[in-house]
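The structure appears right after this line, and notes come after that.
The values are calculated or read from the model by the stated rules, or taken from the named source; none is laboratory data. Being a predicted model, the structure only gives us computed values, none of them experimental. Glycine also receives a Cβ, built like all others from the backbone with ideal geometry; neighbour counts cover every protein chain displayed.
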Amino acid sequence: MCSQFTPHLAVKPVRLMRWLCRLVTPPGGLILEPFLGSGSTAIAAHLEGFRCLGIEREAEYLAIASARLEHARRYPDAWADTTPGLDRDEARSQAEAGNERAALESQGQRGLF
């Protein structure tokens, strides 16, 4: 969601970054993102319940990342289609039901949390 509207040249897919955050970060862990860019990693960290420390030297990109992260905080359901392991329709319906984690676990993806 939202990456197609971001004027950053190298926007990482939030869906991929969510999966990577789960893969390498312990529960409650802190993710260090030395090149924050458009904020995909920070958004993924937030949506997965991790903390993130992002560093960005370009004010323009920092503003983009801040706006995208604020959107993810205010409207997490709008990012449901970035959930790893679910197709977009399944992710949206699970987010509406508030049952995203249960849906993934039912698919045998317990290790991704």
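Kindly indicate whether ARG18 is buried (at least 20 other Cβ atoms within 10 Å of the Cβ), touching a residue at least 12 places away in the same chain (Cβ under 8 Å), among the charged types (D, E, K, R) and within 19 Å of HIS71 (Cα to Cα).
yes
With β-branched (Val, Ile, Thr) and modelled with pLDDT under 95 as the only criterion, which of ILE31, ILE55, ILE43, ILE64 stands out?
Of ILE31, ILE55, ILE43, ILE64, the one residue that is β-branched (Val, Ile, Thr) and modelled with pLDDT under 95 is ILE64.
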